[in-house]
Each structure stands twice: as structure tokens, then as C-alpha cells.
Amino acid sequence: MARRIGDFDWSATPLGPISAWSGALLAAVRIMLGQRHACCMFWGPHLIMLYNDAYMHVLGAKECHALGQPFRQIWSDVWEDVRPLVDQTLAGRGTYSEEMRLIMTRNGFDEETFWTFSYSPLYDDDGSVAGLMNITVDMTALVQARRNQQIMQEELLHRIKNILSVTSTVVSSSLRNATTIQEARDTVGARIMALAKAQGLFTGLGDSADITEVMARSIGAHLVGSDRIRLSGPSVPLSSQQAVGLSLALYELATNAAKYGALASPDGVVALSWSVQGDAFALDWQEQGGQPVAPPTREGFGSRLVNMIVPAYFDGEGRAEFLPQGLHYSLRGHLSP
């Protein structure tokens, strides 16, 4: 920038040729060019702009025509935001702003940015304020990282509350429906492990998981080395909450099928199919070839899980039908955006 300033035709600007610049202006330019921080300065009634190497990236696409132009013209997109600070500085009182939010249009589009910067008055040889110097630090990445951290903390708290709520329901319902202490221990342990596997879906997978991954985690033991559960459906990304809910429902259906339904008989199979139209989601679990099934004499946690709790994740409905050929469970709802 020192070379560019030296080669620039300043005679075409209100500052006039460098040979006519005051000692104060030349000193200010040298100080600015020696700064390692991003630094610029504005001089004269029109606040003509000069800047150092570190400031070039601040300008973005504006940099190609910024040198020697008026402050108000180059930074027209933020002029009204900083004008009070400029006026205060030109009155002889320096300013300091921390993480000031500015919507800049540097590269042809609006972008939210944050800056910590100071404006310092620059004095001419006669002692009058002739301009200002701006030393700035781009804080955008730091502010965005802090925002993301806050979002992650809120999401973590939300998930913990959901886990505790489901765990509480699992424990209380399993204990209430168990006939022996051992049955209660086994049921609670198995269901909490299923919940842990469902939550583990998102370790390394981000905020969504494909439905096939959900099924592999939920009913993987029944899928390996056999075709007892036949899958049919497209790849579908599920939100974290819907994936956890569906995982719990599939685990419950597969466990019941292994104990009492199609998977309890050597010839029994399950047809698990799903489809998507727009945001409408449909899933069907159809058992056949197993032992005759009958509706339960009482509604336990498993029934409430598949018929009420899980459908709520999809803003839809769940229904279990005990047909002659075997249990049919249907889930109809909508995918999260």
C-alpha cells in the first residue's frame, strides 16, 4: 500500500499532490502504514480514504476502487451507523466500539459483521482536527462461534430434558407393568439401552440421520444374516428428535415380535416399508407367518410408545392392528423441515 499510495494520482482528489501535503498528513500516513492491525484513515473535509495492507481484506470487493475516495461513498452501506462516531471524533473526542454489528455490502450481498474498532482524531499542522484514523479488528468469527456455542448448549439442555423425560416414563411404566422384580429389572435395562443406542445415532452424524441408519441401530440384531425383517423404502433424512422416536418404536416392535409375534416362529417374517411424498411420511410394520396374536389385555408403556408418544414426534398418528396374519403397525405423519 505504501507503493500504491506513492504511485496514486492524488492531484485528481481534494487532497492534491503528495508534494503539497502537510507534515501532519504525511506523518499520519506513515503511522498508519506501519500499523500491523487493519488500519485506515480519512483526511480533509471530504474524508478521503487511505489504508494499509492489513485493511485490504476488510474492504472486500470494494478494495479495487477505495483508495482516494470519500468515506461516505466507500462505506455508504454503514455510513448512517458510524456517522455519530465520526462526528464525535471530528469534534476532537476519540471513540471505541466493541463488537459493533454492521450489515456490510462488500461483495455484492449483505453480510452481518462485527467489529471492535477505535476512531482517533487526526490533527493538521495548525492544531485543527483534519481527519480521523480507524484501527479495527474483525470479530465476526468470534461472535458467530459464541452464538453457535450458545445454540449447542441450548440444544444439549433440550436433549437432556427429553432424555430424562423419556427415561422417567420408561422406568415408571416398566415397573408398573412388571409382575416380578426380575422382569422389571430386565425390561428397564433393555429399554434404557435402546434409548442409549437411539441417542448414540448422532455421535459423529450431526443433527440428522438417514432412516436406514436408524433401523440398523434399532433392529440390527434381527437384520444380520437373515431376511426375517424385509426393508423397503427410499433414503430419508430424519431430524434428531424424529430419529430417536422412531428408533424407540422400532426397538419396541422388534422386541415384541421376537417374544410373541412373527419373529418368535421360525417361519415368521416382518415386512417393514416406508414412503415419502413431500413432507408426508408413512411407515408400515406388517408381521406374518408367526403365532396368532391378540390385543393386549392392558395398555402398557410399549403400546403408548408406538401409538401416542412416537407419533407426536411426527405430528401424526400411530395405530396397531392385531390382524389374523399378524400385527400391523402404521405410522402416518410429517417430516421435520
Filtering the range 269-288 for residues that are on the phi < 0 side of the Ramachandran plot and either free of Cβ contacts under 8 Å to residues at least 12 places away in the same chain or basic (K, R) (or both) leaves a count of 1
Identify the single condition in (1) without any contact (Cβ under 8 Å) to a residue 40 or more places away in the chain; (2) surrounded by 16 or more Cβ atoms within 10 Å (Cβ to Cβ) that P266 does not satisfy, given that it satisfies every other one. (2)
Within the range 130-174, can you find the residues that are at pLDDT 65 or above, in a helix (DSSP H, G or I) and in contact with a Ser or Thr (Cβ under 7 Å, 6 or more places away or on another chain)? T140
So, in the range 183-195, of the ones that are at pLDDT 70 or above and of a type outside the set (V, I, T), which residue ends up most open to solvent (accessible area, probe 1.4 Å)? R185
Go through (1) crowded, with 18+ Cβ neighbours inside 10 Å; (2) more than 36 Å from the chain's Cα centre (by Cα) for A38 and report which single condition fails. (2)
When the range 232-263 is examined, which residues are found to be under 18 Å from Q291 (Cβ atoms), open to solvent by less than 40 Å² (accessible area, probe 1.4 Å) and not in a helix (DSSP H, G or I)? G261
What about G44, is it on the phi > 0 side of the Ramachandran plot, open to solvent by less than 10 Å² (accessible area, probe 1.4 Å) and not hydrophobic (A, V, I, L, M, F, W, C)? no
Could you go through the range 24-33 and let me know if any residue there is of a type outside the set (V, I, T), surrounded by fewer than 17 Cβ atoms within 10 Å (Cβ to Cβ) and under 34 Å from the mean Cα position of the chain (by Cα). no
So V310 clears everything in (1) modelled with pLDDT of 90 or more; (2) out of contact with any Lys or Arg (no Cβ under 8 Å at 6 or more places or on another chain); (3) open to solvent by less than 30 Å² (accessible area, probe 1.4 Å) except one condition, right? Which one? (1)
Could you check, for the range 51-63, whether at least one of its residues is open to solvent by 50 Å² or more (accessible area, probe 1.4 Å), more than 28 Å from A141 (Cα to Cα) and of a type outside the set (A, V, I, L, M)? no
In contact (Cβ under 8 Å) with a residue 24 or more places away in the chain, under 19 Å from V214 (Cβ atoms) and either open to solvent by 30 Å² or more (accessible area, probe 1.4 Å) or not in a loop (DSSP other than H, G, I, E, B) (or both): is that true of R332 in this structure? yes
Would you mind finding the one in G94, G68, G108 that is surrounded by fewer than 15 Cβ atoms within 10 Å (Cβ to Cβ), within 30 Å of G127 (Cβ to Cβ) and in contact (Cβ under 8 Å) with a residue 12 or more places away in the chain? G94
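Table: residues versus (1) among the hydroxyl-bearing types (S, T, Y); (2) touching a residue at least 40 places away in the same chain (Cβ under 8 Å); (3) farther than 21 Å from Y96 by Cα.
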{"site": "W10", "(1), (2), (3)": "no, yes, yes"}
{"site": "S19", "(1), (2), (3)": "yes, no, yes"}
{"site": "S22", "(1), (2), (3)": "yes, yes, yes"}
{"site": "Q35", "(1), (2), (3)": "no, yes, no"}
{"site": "A54", "(1), (2), (3)": "no, no, no"}
{"site": "L59", "(1), (2), (3)": "no, yes, no"}
{"site": "D81", "(1), (2), (3)": "no, no, no"}
Is there a residue being under 26 Å from M193 (Cβ atoms), surrounded by 17 or more Cβ atoms within 10 Å (Cβ to Cβ) and in contact (Cβ under 8 Å) with a residue 40 or more places away in the chain anywhere in the range 289-298? no
Which condition breaks for T180 when tested against (1) more than 30 Å from W21 (Cα to Cα); (2) at pLDDT 95 or above; (3) loosely packed, with under 10 Cβ neighbours inside 10 Å? (2)
Give the residue, chosen from E299, E321, E287, that is at pLDDT below 85, out of contact with any Lys or Arg (no Cβ under 9 Å at 6 or more places or on another chain) and among the acidic types (D, E). E299
Only one of (1) aliphatic (A, V, I, L, M); (2) modelled with pLDDT of 80 or more; (3) under 15 Å from L331 (Cβ atoms) fails for I229. Which number is that? (3)
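The values are calculated or read from the model by the stated rules, or taken from the named source; none is laboratory data. Quick caveat: nothing in here was measured; it's all calculated off a predicted structure. Neighbour counts are summed over all protein chains in view; Cβ atoms, including those assigned to glycine, are modelled from backbone coordinates with ideal geometry. Accessible surface is based on the protein model in full, side chains and every heavy atom, while ligands, DNA and RNA are left aside. Shrake-Rupley method; radii C 1.70, N 1.55, O 1.52, S 1.80 Å.
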